[in-house]
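Since the structure comes first, as structure tokens, the remarks are kept for the end.
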Amino acid sequence: MSTLARTATTVTTSSILWGVLFGSLGAGYALYGKKQRALVPFLSGLALMLFPYAIQNTYLIVVIGAVLAAAPFIFR
């Protein structure tokens, strides 16, 4: 058995659902930012769509997603 097969990652249902939630919110932010030519919502939307692919811990997905979702309201 190879090392790659033994180090398979486990993906939980909750991390998938949180990823879908933040991804859809990110799509809305990205579309809004592109239409209004606003940089912060656009970049926040891109980050919200992409970061769940890199992080597998559900708690980190929720915390980072909440921070990125609040960023357009904080940095106006």
message: What's the ranking of 57-65, 35-43, 18-26 by average number of surrounding C-beta atoms within 10 Å, highest first?
response: 18-26, 57-65, 35-43
- request: Specify which labelled value, from [x] 5.0; [y] 7.6; [z] 5.6, agrees with mean projected area of the Cα convex hull in nm² derived from the coordinates of the model shown.
  value: [z]
- request: Output ³J(HN,Hα) for segment 59-76: one whole-Hz value per residue in order, computed from phi by the Karplus curve 6.51 cos²θ - 1.76 cosθ + 1.60 with θ = phi - 60°, and x for Gly and Pro.
  value: 5, 5, 4, 5, 5, 5, x, 5, 5, 5, 5, 7, 4, x, 7, 7, 9, 7
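Rule-based calculations on the coordinates, nothing more; no lab input. Bear in mind the structure is a predicted one, so any value in this text is a computation, not a measurement. A quick note on method: Cβ atoms are made from the backbone with ideal geometry, for glycine too, and the neighbour counts reach across all protein chains shown.
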